[in-house]
Amino acid sequence: MASSRVQKIAPSATLQITAKAKAMKAQGIDVIGLGAGEPDSDTPQHIKDALYKAVKEGFVYYTPTQGIPELRKAIAEKLERDNKISYAPDKEIIVTPGAKQALYEAVLAIANPGDEILIPEPCWVSYEPMVQFAEGRPVFIPTYEKDGFRLSGEAVEKKITEKTRAIILNSPNNPTGAVLDGDALKAIADLCIEHGLIAISDEIYEKIIYEAKHVSIASLPGMRERTITVNGFSKTYSMTGWRLGYAAALQEIIEAMNRIQEHSISCPTSFVQKAGIAALQGSQECVAVMVKEFRKRRDAIVKKLNEIPNVTCVKPRGAFYAFANFSAYEKDSLKLTNFLLEKAGVAVIPGAAFGKMGEGFLRLSYATSMENINKAIERMEGALRRLEK
Ligand SMILES: Cc1ncc(COP(=O)(O)O)c(C=O)c1O
């Protein structure tokens, strides 16, 4: 029997849908998957080559828990170059097996039981369980379709109490594609400073951004010392299965995260870290090509979704998801997801998986071919028409 700690964590609705879609495919049913949380392009060759080389040279043993110094240095250079923040590679950066692990360690490192952690919603599925594992209390901040799911300082302020310890920010956002910038970012930073909060900034979609420019909250005055910046290689370099991420923060936080790693994962995979250096130091042309393609698909899918009667979809400014409101057809997004899978052969993710604020919405990943996107929307439209009758 699972521990009470684990029993508190709700099983994911996404897994249920993914399993059903897989089973249908295995039966030979033509299912178009718009559920993917990963780029559809291959990992760039120069990154693979760096891994092959490392393995050939016998770089196959435990590394320092915090990650190899050369990779930490490459990460520090990247943060200096892109985010204009200086971090000491030996003290203020930790390499992790994925951004997810870095986020989990960050929450564990700073939250005491009962601490409130603010989470803007709709939000990525793993933040709430992470806070629950740490015995903290997730406090959700609603964001709304009418505002383009933008988070405002006022909305954050309303949820701050004496118990608030941190806020988890995710820009560009999964699932909404909203980007945090300008006045909102400044207002949130001011609140963090005024109330002594830590910002855990999940910047995994930083490079997959369209009209906007990514601004790291740690670069705002007074925020470097109260931000844990988390990033990784999964989305930018199509490396989801490689499991490589990192965090940058003050020494005491990195030391705490390192202690967790020491007694759980030991170290990130040795040769994958070598590939990480190649990703950061090699040509970034691969990223530009991928983002250009994503932008084309985004424009197409958002247009098509808005053409479906009574469906609305805010244009996402980042990531590779369209988050569309289907509540005119069915308010229960899991029910609608099942319906679309069965009747249209299209797999999407129910908005409810991203919290209460996501109910009535569906998340459609456009990390798939334009042909699949066109076919999927056509089929969905047909099935919805039948639903109307
Ligand atoms: C918002 C967000 N953060 C973090 C992650 C995890 O990334 P990684 O593969 O580096 O663990 C994901 C992956 O889907 C994500 O969507």
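Values computed for the structure shown
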{"item": "Reachable aspartates and glutamates from Lys274, criterion Cα separation under 12 angstrom, eight or more residues apart if same chain", "result": "Asp49, Glu57, Glu70"}
{"item": "Simple spin-label estimate for Lys158 and His46 in nanometres, 7 Å along Cα-Cβ", "result": "4.8"}
{"item": "Residue order, fewest to most surrounding Cβ atoms within 10 angstrom, among Cys313, Cys267", "result": "Cys267, Cys313"}
{"item": "20 °C / 1.002 mPa s Stokes-Einstein diffusion coefficient of the range 302-381, Kirkwood radius on C-alpha pairs, µm²/s", "result": "172"}
{"item": "Rg(Cα) / (2.2 N^0.38 Å) computed for the chain, rounded to two decimals", "result": "0.98"}
{"item": "Length-normalised contact order of the chain in % [C-alpha pairs under 8 Å, at least 6 apart]", "result": "24"}
{"item": "Stretch in the chain that is longest and holds no GluC sites (Glu not before Pro) that DSSP places in a loop and that have at most 14 other beta carbons within 10 Å", "result": "212-389"}
{"item": "For the chain, built as a Gaussian network whose Cα springs stay under 10 Å, the top-fluctuating residue of Asn170, Asn310, Asn325", "result": "Asn310"}
{"item": "Label zone at Arg259 (point 7 Å along Cα-to-Cβ), backbone N below 15 Å, the range 87-129", "result": "105-113"}
{"item": "In the range 25-91, chymotrypsin sites (Phe, Trp or Tyr not before Pro) in a DSSP loop with at most 10 other beta-carbon atoms within 10 Å", "result": "Tyr61, Tyr62"}
{"item": "Entries in Lys304/Lys331; Lys84/Lys146; Lys159/Lys235 that, when Cα-Cα distance is taken, lie over 24 Å", "result": "Lys84/Lys146; Lys159/Lys235"}
{"item": "Relative contact order computed over the range 51-206 (Cα-Cα under 8 Å; 6+ residues apart), in percent", "result": "18"}
{"item": "Helix 370-388 vs. the chain, principal-axis angle (Cα, 0 to 90°, nearest 10)", "result": "50"}
{"item": "Within a Gaussian network of the chain (alpha carbon springs, distance under 10 Å), most fluctuating of Lys186, Lys48, Lys296", "result": "Lys296"}
{"item": "Zone of Leu15's modelled label, taken as backbone nitrogen in the range 352-369 under 19 Å from a point 7 Å along Cα→Cβ", "result": "352-355"}
{"item": "From phi via Karplus (6.51, -1.76, 1.60), per-residue ³J(HN,Hα) for the range 7-15 in Hz, x at Gly/Pro", "result": "4, 5, 7, 6, x, 7, 5, 4, 4"}
{"item": "Å³ per residue enclosed by the Cα convex hull of the range 20-150", "result": "224"}
{"item": "Vicinal HN-Hα couplings computed from phi for the range 121-135 (Karplus, 6.51 cos²θ - 1.76 cosθ + 1.60; Hz; Gly/Pro x)", "result": "10, x, 9, 4, 5, 8, 4, 4, x, 4, 5, 5, 4, 7, 6"}
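Here, each number is a calculation from the coordinates, and none is a lab measurement. The model shown is predicted, which means the values in this text are computed figures rather than measured ones. In this analysis, Cβ positions are derived from the backbone assuming ideal geometry, glycine residues included, and neighbour counts consider all displayed protein chains.
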